[in-house]
Structure formats: structure tokens, C-alpha cells
Amino acid sequence: MLGFAMSDPTSNPADERGLNLLGRSESRLPNSPDEAQLETFANHNATRDYWIHLDCPEFSSLCPVTGQPDTARIQIRYIPGEICVETKSLKFYLASFRNTAAFNEEVVNRILTDLVAACSPKQVVVRGSFGSRGGIRLTCQAAHPSDAPLAGTLTAEV
């Protein structure tokens, strides 16, 4: 099951933020998103709304029908609440999809759901621009809260 970890300054004396992946090169990539852990840390500017942009241009997953790899550029844009997602754990989480068979739309919505569960952002948009299959390029975008605007929220140049 997907785990979420809020940093605890007392949990690891060697790391004042209590992050488990950051600074540790021996960490292995999780085999699936269910095995991945999205770590978080306190947002010291929670009283201010600001956007965080994250861009993963080398995302991959598997087509659930053919088993062939699907490639994509995943873009995440969010306004943090009380906590932020730690980027190394996000990198490991996104890499965990490499052996996961799912339709592109499922991938984007799963990422959105897991981010909302991990860090409760005020607003978040996830966009997946998938490589062409059969001459058709698919882009899927999902937002939280559900009434957040989608059109034009993310562009190719984030």
C-alpha cells in the first residue's frame, strides 16, 4: 500500500527533517506505486499562497493491453497547504510506475489522488502528455479540488 510520511524532526537525529530518502544513494526504487512512499515536510510559508511546479519529462508506464511501454511528460503544479511533497520521494514514486500497467488517464488520476492524500494541497493540477500511439498523442489533465480550473492551467513550458 502507498505510504505517506510526514517529516518528524525528532525521528532521525542525523536528519533534522526526518526524511528517509533524501541524501541516501543506497535507496532502491519501489516496484509499484503501492510500494512507494511520498515523504513530506512542513511548509514554513503556509499563510501565503504560492505555486510549486514539478516537471518529469521522462515518465514511463506500461500499456495494460499490449504491455508495451508508454512514455510521458508529467507536470505537477500545486499550491501547498501545511505540508509540501519532498521531491526525491516524488521521483521514486513516479519511477515506480515503470512496471505498472494502466491506461494513461488512470495514471494521471492516480498521481493526483496520491498527492492529495499525501500533502493535502490547497490546489493541484496533474498533466500527463503521453507519446504518440497509432498516430494519436494523448494529454490528460486532472485537478483538485474538482472545481479548480483545468483549461490553460499548465502549458508545455512550465
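Read the figures in this text as sums done on the coordinates, not as results from a lab. Predicted, not measured: the structure shown is a model, and the values here were computed from it. Cβ coordinates were reconstructed from backbone atoms using ideal geometry, including for glycine residues, and neighbour counts include every protein chain displayed.
Just want the ordering: Tyr78, Tyr50, from fewest to most Cβ atoms lying within 10 Å of their own Cβ.
Sorted ascending by nearby Cβ count, the order is Tyr50, Tyr78.
If neighbour count is taken as other Cβ atoms inside 10 Å, put Val126, Val116 in order from fewest to most.
Placing the least packed residue first, the sequence is Val116, Val126.
How do His144, His44 rank when sorted from fewest to most other Cβ atoms within 10 Å of their own Cβ?
Ranking His144, His44 by Cβ neighbours within 10 Å, fewest first, gives His44, His144.
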